[in-house]
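Visitor: What follows is a structure written as structure tokens; I'll ask about it next.
What follows draws every value from the coordinates through simple rules; no lab data is involved. Predicted model, so just to flag it, every value in this text is computed and none were measured. We place every Cβ from the backbone using ideal geometry, glycine too, and count neighbours over all the protein chains shown.
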Amino acid sequence: KNQVEQSPQSLIILEGKNCTLQCNYTVSPFSNLRWYKQDTGRGPVSLTIMTFSENTKSNGRYTATLDADTKQSSLHITASQLSDSASYICVVKNTNAGKSTFGDGTTLTVKP
Amino acid sequence: NAGVTQTPKFQVLKTGQSMTLQCAQDMNHEYMSWYRQDPGMGLRLIHYSVGAGITDQGEVPNGYNVSRSTTEDFPLRLLSAAPSQTSVYFCASSYGTGVTYEQYFGPGTRLTVT
């Protein structure tokens, strides 16, 4: 069964600190992996999209990594800001019928 | 561009009532989809459409109907609301379903069924 597991479930950090969110998946055959940011009360917004051949992709202070061999991805947030407080969702798409599997998300709270 | 718009933002229904959640996009996207998001769970696909006149079931289609008469609109109908359908509903669209196609989500409709 295709699964996407994210950890931790929730995280609290101080403003200015770095953090790393994890995503492990069993989706096969793999097509791509996306990280979304979802602010409270809003729809998800795409941060990065990574294909099989990509190891690292950055979007400002967000850097995603992908290890397709171990089926793991991480999202690193540098110099966190209060506006980074949100839920971060990992989504893995397989090549069969293009179906996507969503993780449950990691809720990040950045405190001043 | 307004992007993906959804109406209403909030809705309360009684068990057995029917209603339609509206979704529209102005980006000329072929692919549109409906998801539900329950607390502590990932988004689950309800129905999707790859173009006007073409719809298909997703992971959790029971109790919902869709139609796609135009490229812009993709309404979701609840036939007979049940408390289990209490959730936040998101509509999304993309130009296609390939690797690099960005998926855009609407702001969501929060539905409560009593």
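Visitor: Across region B:73-111, which residue is surrounded by the fewest Cβ atoms within 10 Å (Cβ to Cβ) among those that are polar (S, T, N, Q) and under 25 Å from A:Thr48 (Cβ atoms)? Steps first, answer last, please.
Guide: Restricting attention to region B:73-111, the residues satisfying the condition of being polar (S, T, N, Q) are B:80, B:84-87, B:93-94, B:97, B:100, B:103, B:109.
Retained after the next criterion (residues that are under 25 Å from A:Thr48 (Cβ atoms)): B:93-94, B:97, B:100, B:103.
Working: B:Ser93: 26, B:Ser94: 19, B:Thr97: 18, B:Thr100: 9, B:Gln103: 24.
The selected residue is B:Thr100.
Visitor: Here is a follow-up. Please work out which residue is surrounded by the most Cβ atoms within 10 Å (Cβ to Cβ), limiting yourself to region A:91-107 and to residues that are hydrophobic (A, V, I, L, M, F, W, C) and in contact with a Phe, Trp or Tyr (Cβ under 6 Å, 6 or more places away or on another chain). Give the derivation first.
Guide: Going residue by residue through region A:91-107, those that are hydrophobic (A, V, I, L, M, F, W, C) are A:91-92, A:97, A:102.
Pick out the ones that are also in contact with a Phe, Trp or Tyr (Cβ under 6 Å, 6 or more places away or on another chain) and you get A:91-92.
Working: A:Val91: 23, A:Val92: 26.
Selected residue: A:Val92.
Visitor: A further question follows. How about region A:9-58: which of its residues are β-branched (Val, Ile, Thr), within 12 Å of another protein chain (Cβ to nearest Cβ) and under 16 Å from A:His76 (Cβ atoms)? So that I can check it myself, show each step before the final result.
Guide: To start, the set of residues in region A:9-58 that are β-branched (Val, Ile, Thr) comprises A:12-13, A:20, A:26-27, A:40, A:45, A:48-49, A:51, A:56.
Imposing the further condition that a residue be within 12 Å of another protein chain (Cβ to nearest Cβ) reduces the set to A:40, A:45, A:48-49, A:51.
Of everything in region A:9-58, just one residue is β-branched (Val, Ile, Thr), within 12 Å of another protein chain (Cβ to nearest Cβ) and under 16 Å from A:His76 (Cβ atoms), namely A:Thr48.
Visitor: Can you confirm whether B:Gly51 is surrounded by fewer than 20 Cβ atoms within 10 Å (Cβ to Cβ) and farther than 20 Å from B:Pro107 by Cα?
Guide: Details: surrounded by fewer than 20 Cβ atoms within 10 Å (Cβ to Cβ): yes; farther than 20 Å from B:Pro107 by Cα: yes.
So B:Gly51 fits the description; yes.
Visitor: Right, something else. Evaluate the following for A:Ser46: is it touching a Ser or Thr at 6+ places or on another chain (Cβ under 9 Å), surrounded by fewer than 19 Cβ atoms within 10 Å (Cβ to Cβ), assigned to a strand (DSSP E or B) and without any contact (Cβ under 8 Å) to a residue 60 or more places away in the chain? Lay out the reasoning, then the answer.
Guide: Details: touching a Ser or Thr at 6+ places or on another chain (Cβ under 9 Å): no; surrounded by fewer than 19 Cβ atoms within 10 Å (Cβ to Cβ): yes; assigned to a strand (DSSP E or B): yes; without any contact (Cβ under 8 Å) to a residue 60 or more places away in the chain: yes.
When the stated conditions are applied, A:Ser46 does not pass them.
Visitor: Inside region B:55-97, can you point out the residues that are within 13 Å of another protein chain (Cβ to nearest Cβ) and free of Cβ contacts under 8 Å to residues at least 24 places away in the same chain?
Guide: If the condition is that a residue be within 13 Å of another protein chain (Cβ to nearest Cβ) and free of Cβ contacts under 8 Å to residues at least 24 places away in the same chain, then B:Asp56, B:Gln57, B:Glu59 are the ones that fit.
Visitor: Pick from region B:18-54 the residues that are farther than 20 Å from A:Ile89 by Cα and of a type in the set (Gly, Ala, Ser): which of them is farthest from the other protein chains (Cβ to nearest Cβ)?
Guide: Filtering region B:18-54 for residues that are farther than 20 Å from A:Ile89 by Cα and of a type in the set (Gly, Ala, Ser), the one farthest from the other protein chains (Cβ to nearest Cβ) comes out as B:Ser18.
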